[in-house]
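Single-structure report; data block below.
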Amino acid sequence: MPIISAADLKHQVISGNVKAITLDTSTVESFKFGFEVGVLAKMEQFSKTDADHLVLDIVLHEIRTHLTSQAELDYAHVKNALKTLGNSWGVDKAERDNALASIFHNQTAAQATSQRLEAFLSDSAAVQISCGDYADIKKILPLYYAGHPPFGAKEAKKREFPDAVALLALEAWAEEKSTKVVAVSSDGDWKSYCANSPNIFLIEELSTALSAFQGDADDAAETFRSLLKAGDVADLVDTIYDELTTEVDRIDIDFEASSNWYFEQELVSSKATYIGDAAEELAKFEVIAFKDGSLSLKTTLSIKLEAEFSVDFQHYDSIDKEYMGFGSTNVSGEEDIQVDAVVTVSFSEGKAQIEEFQLLPCGLIMDFGDLEPDWMSDPDEEGN
């Protein structure tokens, strides 16, 4: 099936043609493995519906491998950061070890990954599919030899075997169950295959896919649109302002600059301020869950992001054969950007209020141009 629109997918779900949803590795990674918050957390709704959340074992293996690798890397970064406190702050090893145990609960990266994945699968009542039970190698090899989707003509096409196994297993499962499946993926090989699949619809955004399963939320969504249209948004804007203060750390800021000297930078502070039209922006929502009278929406908001960095310069001393401090500077910047957020709204006494607000992970680059230590441009230093 070609990439399907949200409206067409909703029609397919309501008519009973689509009874399952599956996510590929790229979709989970796009949310930085945030199973407990945001859009991924809304997959728990499939534990209470007739639609199934399908998890292919080969995709689960990829997610587990990638997440474990990232968890190991983050553990090493934290451990190394704590180690330096022994010198700079006089924190002894026992205290550092206790801090490490408090953060990571004495778990390995593999153990933490398994625990989080098991909770995610349980919360969403995931149906796990063994690809070996469905994927037919006799159907995969002709696609490989001919370079047909999900394989391509490029040399690295052998790396696409996991995609081929996953997609043909999904195809066979759908045929066996006499249903259609919506696959959420931004992967080009999945798109190519699904364009000609008789059983798999493809959607690139998880929020769009989830919105198709919210048929019982139509009345609540219309109520919210009416309140927005009436302009009753002051309390909502106040809540957004407040919540952005605590959610700003979900925005990754990549620091870019040039200098004649080696430097290291550190984020001192960041601040996000809402600058959009709430009535207009909130009205462009997608319903991703409806539970106990509360709507969970995904929407895009306009914000101003301000950030301050401290920059320490060093130069190499060829006599002592080590880097020496060379001064510092502080730089600030701001950018107007758009961010995606999950907003949970409830209704009381004819008004809407925000119960929960979460920014989805995102990032931007701030370029501070050519930098030098403050002392080089200090008039008091010029005559020395």
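Odds and ends about this structure:
- Calculated [θ] (222 nm, deg cm²/dmol) that DSSP helices of n ≥ 4 give over the chain, each run adding -39,500 (n - 2.57): -12000 deg cm²/dmol
- Cα-centred dipole magnitude for region 257-384, charges only on beta-carbon of K, R (+1) and D, E (-1), debye, nearest 20: 1000
- Positive-end ranking of 164, 186, 276 along the dipole of the chain, with charges on Cβ about the Cα centre, is headed by 164.
- 21 Å Cα-Cα threshold exceeded, pairs from 271/351; 10/48; 291/351; 48/180; 93/321: 271/351; 93/321
- Positive-end residue, the chain charge dipole about Cα centroid, Cβ charges, pick of 310, 51, 360: 51
- Here the accessible area is traced with a 1.4 Å probe on the protein chains. For region 173-329, carbon and sulfur cover 42 percent of it.
- Angle in degrees between helix 93-104 and the longest Cα principal axis of the chain, rounded to the nearest 10: 30
- Counting 0.36 nm for each residue step from residue 223 to residue 252 and taking away their Cα separation leaves a gain of 6.9 nm.
- Candidate aspartates and glutamates - alpha carbon under 16 Å from residue 229, same-chain residues fewer than 8 apart omitted: 219, 277, 280, 281
- Relative to the dominant Cα principal axis of the chain, helix 109-123 is inclined by about 40°.
- Accessible area (Å², per residue) of region 305-355, counting only protein heavy atoms and a probe of 1.4 Å: 57
- Residue 87-residue 365 FRET efficiency (beta carbon distance; Förster radius 30 Å; 0.05 resolution): 0.35
- Solvent exposure of region 1-137, expressed per residue, is 55 Å² of accessible area, with all protein chains present and a 1.4 angstrom probe.
- Charge dipole (debye, nearest 20) of the chain; +1 at Cβ of Lys and Arg, -1 at Cβ of Asp and Glu: 2280
- Simple point charges give the picture: +1 on the Cβ of Lys and Arg, -1 on the Cβ of Asp and Glu, and for region 86-129 a dipole about the Cα centre of about 80 debye.
- With every protein chain in place, region 40-152: carbon and sulfur % of accessible area (1.4 Å): 54
- Efficiency of FRET from Cβ geometry, residue 319 and residue 103, R₀ 51 Å, rounded to 0.05: 0.80
- Across region 76-89, rounded Karplus estimates of 3J(HN,Hα) from the backbone phi angles (6.51 cos²θ - 1.76 cosθ + 1.60, θ = phi - 60°) give 4, 4, 5, 4, 5, 5, 5, 4, 5, 5, x, 8, 6, 10 Hz, Gly and Pro being marked x.
- Against the chain, whose longest principal axis is taken from its Cα atoms, helix 137-146 shows a tilt of about 60°.
The values are calculated or read from the model by the stated rules, or taken from the named source; none is laboratory data. Computed from a predicted structure; not experimentally measured. As a convention, Cβ positions derive from the backbone with ideal geometry for all residues, glycine included, and neighbour counts pool all protein chains shown. These area figures cover heavy atoms from the full protein model, side chains too; ligands, DNA and RNA do not enter into them. Shrake-Rupley method; radii C 1.70, N 1.55, O 1.52, S 1.80 Å.
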